[in-house]
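Since the structure comes first, as structure tokens, the remarks are kept for the end.
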Amino acid sequence: MMGLAYEDTAVGLSFDLGSYHFTREKILEFARRFDPQPFHVSDRAAANGPFGKLAASGWHTGAGWMKCYVATNQREEERLRAAGKPVSPVGPSPGFVNLKWLKPVYAGDTVSYRVKVTDKRLLASRPAWGMVLTFCEGFNQKGELVFSFEGRALTQRRQ
Amino acid sequence: MLHYEDFSEGQIFDLGSYYVSAEEIVAFAREFDPQPFHLNEEAGRNSVLGGLAASGWHSCSILMRMMADAYLNRSAGMGSSGLDEVKWLRPVLAGETLSGAMEVLSKRVSSKRPEMGILKCRWQLRNAQGEAKLDQVGVNFIRVRAP
């Protein structure tokens with residue numbers, strides 16, 4: 001990730017990914033398309049629902065992380081390219097574990113996202129690649145952790 | 001309206017089917033995951049994904065929609081705290097029709113909140129050839145009818 005080859009992706013490395021603002025319109029648009037549970041698409045249902053007021057779909061919170069992650073990756077790759085350094089494109093992910101929706105994300109909230117490298121390992125089955133493990137988080141404007149998951153991404157070894 | 005009591009361990013739900021168009025893949029990717037293999041057929045073919053492929057977050061969102069349509073919107077749903085595991089097993093490619101299934105793995109009532117039931121479930125998406133594309137294990141909170 002961030003244009004870095006496996007060897008340069010050090011455990012402990014972390015990146016602020018920027019933030020995503022959850023407007024009421026974006027929350028409703030996402031939920032109508034992908035998660036039309038009453039508490040995501042109706043103020044009245046939300047008032048009587050588990051979150052007390054209109055809240056974003058958990059997958060919207062996740063997609064917001066990805067949006068910020070991809071934008072940061074593209075910026076970092078551009079920076080390396082401009083400096084004449086090699087760029088290692090981000091590899092595919094086999095999935096993730098322990099995704100937690102810790103607090104509701106409400107209309108008007110801004111979530112700031114982060115990624116931190118927690119571990120890495122070489123793969124016997126794919127000698128050109130390694131697996132990088134990450135801890136990924138989202139904090140609302142009050143600094144409360146609202147979202148986290150443990151990600152993983154295939155990462156190319158230095159050629 | 002389905003409540004916690006209406007779900008049983010081992011129960012399997014058909015989540016119906018969902019056609020994934022190239023337009024939908026590109027629209028989601030433009031907004032949330034603008035990597036070339038999610039935006040462009042040729043870039044997808046030249047990548048390890050083998051074609052224009054949906055963002056993994058898009059396939060999770062598609063599964064969410066199928067869950068809402070199949071059972072959550074006729075259940076007393078209370079949201080979810082998260083997922084133990086999400087596996088993107090194979091790329092979801094443009095033009096595929098996915099079918100979904102859910103299995104109730106276990107159920108219990110929250111010890112702190114007796115009005116809230118916790119279903120541990122596995123959800124899967126497969127294509128028309130029966131190849132598994134997405135596998136999730138996690139929880140749904142469903143209200144208890146008679147706490």
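So the values come out like this:
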{"quantity": "Residues of segment B:87-101 classified as over 12 Å from B:LYS133 (Cβ atoms) and crowded, with 23+ Cβ neighbours inside 10 Å, total", "calculated": "0"}
{"quantity": "Some residue of segment A:127-139 being within 14 Å of chain B (Cβ to nearest Cβ), farther than 24 Å from B:ASN140 by Cα and not in a strand (DSSP E or B)", "calculated": "yes"}
{"quantity": "The lone exception for B:PHE32 - which of (1) surrounded by fewer than 22 Cβ atoms within 10 Å (Cβ to Cβ); (2) among the aromatic types (Phe, Trp, Tyr); (3) at the interface with another protein chain (Cβ under 9 Å from one of its Cβ atoms) it fails", "calculated": "(1)"}
{"quantity": "A:PHE139 surrounded by 21 or more Cβ atoms within 10 Å (Cβ to Cβ) and at pLDDT 95 or above", "calculated": "no"}
{"quantity": "Tabulated pairs, segment B:73-87, first more than 7 Å from every other protein chain (Cβ to nearest Cβ), second surrounded by fewer than 21 Cβ atoms within 10 Å (Cβ to Cβ) and of a type in the set (A, V, I, L, M), C-beta under 6 angstrom, 6+ apart or interchain", "calculated": "B:ARG74/B:LEU2; B:SER75/B:LEU2; B:ALA76/B:MET1"}
{"quantity": "Check on A:ASN140, in contact (Cβ under 8 Å) with a residue 12 or more places away in the chain, over 27 Å from B:LEU39 (Cβ atoms) and of a type in the set (S, T, N, Q)", "calculated": "yes"}
{"quantity": "Selected residue (only one of B:LYS120, B:LYS133 is under 29 Å from B:GLU41 (Cα atoms) and either surrounded by 16 or more Cβ atoms within 10 Å (Cβ to Cβ) or small (Gly, Ala, Ser) (or both))", "calculated": "B:LYS133"}
{"quantity": "Out of B:GLY16, B:GLY51, B:GLY44, B:GLY10, sole residue that is over 27 Å from B:MET102 (Cα atoms) and away from every other protein chain (no Cβ under 13 Å)", "calculated": "B:GLY51"}
{"quantity": "Helices (runs of 4 or more DSSP H) within segment A:8-47 that include 1 or more residues within 22 Å of A:THR110 (Cβ to Cβ) and basic (Lys, Arg)", "calculated": "A:24-34"}
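Here's the yes/no breakdown for (1) in contact with a Cys (Cβ under 7 Å, 6 or more places away or on another chain); (2) buried (at least 17 other Cβ atoms within 10 Å of the Cβ); (3) more than 12 Å from chain B (Cβ to nearest Cβ); (4) in a strand (DSSP E or B):
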| site | (1), (2), (3), (4) |
| --- | --- |
| A:VAL70 | no, yes, no, no |
| A:ASN73 | no, yes, no, no |
| A:ARG79 | no, no, yes, no |
| A:LYS85 | no, no, yes, no |
| A:SER88 | no, yes, yes, no |
| A:PHE96 | no, yes, no, yes |
| A:GLY108 | no, no, yes, no |
| A:TYR113 | yes, yes, yes, yes |
| A:ARG121 | no, no, yes, yes |
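The values are calculated or read from the model by the stated rules, or taken from the named source; none is laboratory data. On a predicted model such as this, the values are computed, not experimentally measured, just so you know. When we count neighbours, we look across all protein chains shown, and the Cβ atoms used for this are built from the backbone with ideal geometry, even at glycine.
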